[in-house]
């Protein structure tokens with residue numbers, strides 16, 4: 001890993017409840033390069049949100065540290081913008097007011113006009129022109145999340161942290177918002193750390209997909225490199241020869257291996273999380289312990305073999 | 001539909017008022033000379049015995065007297081004969097003063113309690129014990145320490161209106177949604193700015209509810225307090241008119257107390273509507 005823009009170094013989270021100590025996750029190591037879009041997938045309770053909150057500086061690890069751009073995280077920062085699952089708009093402020101609040105927090109000496117113009121440009125960017133004076137209660141779920149995205153982008157952060165940003169939206173709205181987030185992130189070269197439950201969303205958006213085992217005691221099992229090219233269209237995803245390979249690999253993990261991973265792999269080294277490349281005809285592992293071949297499952301089902309080439 | 005409902009409700013209200021006034025009028029009207037008695041004796045006995053008329057005035061008497069008061073609300077003929085406007089003014093001024101002192105103390109203190117779990121627990125026993133004390137029970141203590149009856153009344157207003165505001169502010173501040181605080185934290189908003197831009201607006205509806213309860217209690221208590229301390233105010237007026245056996249004036253005072261109380265409540269309700277946000 002040449003460029004470690006974000007480096008998660010051995011973080012753990014434990015909760016003390018009287019005599020019993022619960023370890024949500026332990027010894028998590030992960031590096032994210034600048035401009036990379038990383039999605040974390042795992043079941044509820046594995047501590048994904050806690051990891052994100054630690055990255056945001058809203059929570060602190062029981063052990064270990066996170067280093068961003070050469071500096072350890074010691075609390076929330078304007079360099080790291082968070083898009084909350086529940087959008088978390090301030091309901092007493094208008095759309096413009098919500099975005100302007102973020103803008104004026106970042107540039108405290110800007111005057112009102114400058115703040116307003118800057119906020120307006122980001123409202124326009126997410127396609128909410130004309131709704132800037134509405135209150136959040138007058139907006140649909142998708143529009144609210146757009147405001148959340150505009151608010152996060154308006155402070156021009158180095159990193160965007162998204163906690164299942166689209167999970168509360170209907171499929172159609174989710175699709176359009178994914179398109180826009182992808183467009184904006186590509187245009188601005190954002191480094192993104194996103195949590196999701198949606199495998200297709202991860203394949204569409206991410207460069208790397210991090211698979212997390214079930215908690216308590218969750219670990220990062222694999223980093224799946226997205227084999228799809230950077231130029232991808234949502235409608236064309238499933239036509240890509242490697243799409244089903246990746247998808248099936250992730251779903252296999254979620255369905256069965258996420259439960260048994262820790263017991264199957266006692267020698268799993270949390271510092272060297274295997275990087276999985278879905279290729280044809282089979283998987284190759286480029287890092288991690290060489291002998292630990294991740295068994296290829298995706299083509300083992302006769303009759304359901306994925307198309308090798310389509311175009 | 002709603003307009004017609006309002007109209008119908010208004011008509012029913014007016015009908016109820018008319019029925020009440022008619023019943024009142026019939027119940028208190030004069031039934032004519034009760035017995036034959038010597039004119040001298042009749043003069044001694046007064047109208048109650050001679051005319052069969054109740055000492056309770058009828059609505060027409062009250063209306064006439066009210067009109068008299070409304071014509072000159074601010075006259076001042078010495079300590080025991082002041083216009084109703086002056087008396088109400090004294091009461092409102094005392095309520096406002098005691099209430100404002102309570103606002104100034106209860107809201108910052110409520111903020112502190114709401115923000116700090118330590119202070120919340122530490123102050124809880126005091127609040128629990130002090131809250132149920134009838135404000136009038138403080139009166140002797142206030143009179144002894146403050147040595148001024150008018151200030152004591154203000155103190156009593158303060159002590160009765162401080163609790164609902166304190167408790168509601170603490171509750172409102174403590175229950176501000178975590179995600180709103182997190183938004184402010186990720187934006188590196190400082191503590192003071194966070195208190196004014198996130199916590200205060202988020203807790204404002206709850207705080208205003210507390211303030212509305214408080215003004216209601218303060219207005220209830222001022223009447224009783226003024227009956228005790230005497231001198232001026234609508235409470236004193238009620239007691240003075242009772243000593244004068246002027247039931248008419250007592251009824252007028254009751255009516256005005258109700259109207260002013262409603263007005264105070266409506267003012268706070270309007271403020272509450274300003275700060276309420278739909279989610």
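The values are calculated or read from the model by the stated rules, or taken from the named source; none is laboratory data. Because the structure is predicted, anything quoted here is derived from the model rather than measured. Here the Cβ positions follow ideal geometry from the backbone for every residue, glycine too, while neighbour counts run over all protein chains shown.
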Based on what the data block shows, is residue B:55 modelled with pLDDT of 85 or more, surrounded by fewer than 14 Cβ atoms within 10 Å (Cβ to Cβ) and within 34 Å of the chain's Cα centre (by Cα)?
-> no
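Just name the residue that is farthest from residue A:233 (Cα to Cα) out of those in region A:166-196 that are out of contact with any strand residue (DSSP E or B) (no Cβ under 7 Å at 6 or more places or on another chain) and part of a loop (DSSP other than H, G, I, E, B).
A:168
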Touching a residue at least 12 places away in the same chain (Cβ under 8 Å), more than 14 Å from every other protein chain (Cβ to nearest Cβ) and on the phi > 0 side of the Ramachandran plot, is that true of residue A:175?
-> no
Please go through region A:85-96 and pick out each residue that is more than 9 Å from chain B (Cβ to nearest Cβ) and crowded, with 23+ Cβ neighbours inside 10 Å.
-> A:95
Tell me, which residue of region A:1-31 that is without any contact (Cβ under 8 Å) to a residue 60 or more places away in the chain and either assigned to a helix (DSSP H, G or I) or in contact with a helix residue (DSSP H, G or I) (Cβ under 8 Å, 6 or more places away or on another chain) (or both) is nearest to residue A:227 (Cα to Cα)?
-> A:8
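Residue A:111 - would you say it is within 25 Å of the chain's Cα centre (by Cα), over 30 Å from residue A:29 (Cα atoms) and free of Cβ contacts under 8 Å to residues at least 40 places away in the same chain? Steps first, please.
Working: within 25 Å of the chain's Cα centre (by Cα): no; over 30 Å from residue A:29 (Cα atoms): yes; free of Cβ contacts under 8 Å to residues at least 40 places away in the same chain: yes.
For residue A:111, the condition - within 25 Å of the chain's Cα centre (by Cα), over 30 Å from residue A:29 (Cα atoms) and free of Cβ contacts under 8 Å to residues at least 40 places away in the same chain - is not met.
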Filter region A:32-71 for residues that are assigned to a loop (DSSP other than H, G, I, E, B), under 21 Å from residue B:188 (Cβ atoms) and out of contact with any strand residue (DSSP E or B) (no Cβ under 6 Å at 6 or more places or on another chain); which is nearest to the other protein chains (Cβ to nearest Cβ)?
-> A:58
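May I ask you to verify whether residue A:82 is away from every other protein chain (no Cβ under 11 Å), in contact (Cβ under 8 Å) with a residue 40 or more places away in the chain and part of a strand (DSSP E or B)? Talk me through it step by step, then tell me what you get.
Working: away from every other protein chain (no Cβ under 11 Å): no; in contact (Cβ under 8 Å) with a residue 40 or more places away in the chain: yes; part of a strand (DSSP E or B): yes.
Criteria not met by residue A:82.
Within region B:78-95, does at least one residue satisfy the condition of being touching a residue at least 24 places away in the same chain (Cβ under 8 Å) and surrounded by fewer than 14 Cβ atoms within 10 Å (Cβ to Cβ)?
Our first condition is that a residue be touching a residue at least 24 places away in the same chain (Cβ under 8 Å); within region B:78-95, this holds for B:79-80, B:82, B:84, B:86-88, B:90-92, B:94-95.
If we keep only those that are surrounded by fewer than 14 Cβ atoms within 10 Å (Cβ to Cβ) too, we end up with B:79-80.
Looking through region B:78-95, at least one residue is touching a residue at least 24 places away in the same chain (Cβ under 8 Å) and surrounded by fewer than 14 Cβ atoms within 10 Å (Cβ to Cβ).
Going by the structure shown, is residue A:127 more than 18 Å from the chain's Cα centre (by Cα) and at pLDDT below 90?
Details: more than 18 Å from the chain's Cα centre (by Cα): yes; at pLDDT below 90: yes.
Yes.
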Please state which of the following conditions residue A:104 fails to meet, knowing it meets all the rest: (1) at the interface with chain B (Cβ under 10 Å from one of its Cβ atoms); (2) in contact (Cβ under 8 Å) with a residue 12 or more places away in the chain; (3) surrounded by 19 or more Cβ atoms within 10 Å (Cβ to Cβ); (4) closer than 19 Å to residue B:190 by Cβ.
-> (2)
For residue A:77, indicate whether it is surrounded by fewer than 22 Cβ atoms within 10 Å (Cβ to Cβ), at the interface with another protein chain (Cβ under 9 Å from one of its Cβ atoms) and touching a strand residue (DSSP E or B) at 6+ places or on another chain (Cβ under 9 Å).
-> yes
In region A:228-245, what count of residues is obtained for those that are crowded, with 16+ Cβ neighbours inside 10 Å and out of contact with any helix residue (DSSP H, G or I) (no Cβ under 6 Å at 6 or more places or on another chain)?
-> 6
Within region A:16-24, is even one residue facing chain B (nearest Cβ under 10 Å) and at positive phi?
-> no
If we keep only residues of region B:102-150 that are within 21 Å of the chain's Cα centre (by Cα) and under 24 Å from residue B:197 (Cα atoms), then the residue surrounded by the most Cβ atoms within 10 Å (Cβ to Cβ) is B:106
Quick one: would you say residue B:153 is in contact with a helix residue (DSSP H, G or I) (Cβ under 7 Å, 6 or more places away or on another chain) and either within 14 Å of chain A (Cβ to nearest Cβ) or modelled with pLDDT of 95 or more (or both)?
-> no
Looking at residue B:142, is it within 14 Å of chain A (Cβ to nearest Cβ) and either without any contact (Cβ under 8 Å) to a residue 24 or more places away in the chain or more than 25 Å from residue B:221 (Cβ to Cβ) (or both)?
-> no
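For region B:162-245, please list each of the helices (runs of 4 or more DSSP H) lying entirely inside it that holds at least 2 residues being free of Cβ contacts under 8 Å to residues at least 60 places away in the same chain and within 14 Å of chain A (Cβ to nearest Cβ). Please lay out each step first, then the result.
On the way: elements: B:178-186, B:191-194, B:200-229, B:234-243.
By residue number, B:178-186, B:191-194, B:200-229.
Name the residues in region A:229-245 that are part of a helix (DSSP H, G or I) and within 11 Å of residue A:204 (Cβ to Cβ), would you? Give the derivation first.
Of region A:229-245, the ones part of a helix (DSSP H, G or I) are A:234-239, A:243-245.
Within region A:229-245, A:234, A:235, A:236, A:237, A:238, A:243 qualify.
Which residue out of A:172, A:177, A:161 is loosely packed, with under 15 Cβ neighbours inside 10 Å and farther than 20 Å from residue A:273 by Cα?
Details: A:177 fails: loosely packed, with under 15 Cβ neighbours inside 10 Å; A:161 fails: loosely packed, with under 15 Cβ neighbours inside 10 Å.
None of the other options fit; the residue is A:172.
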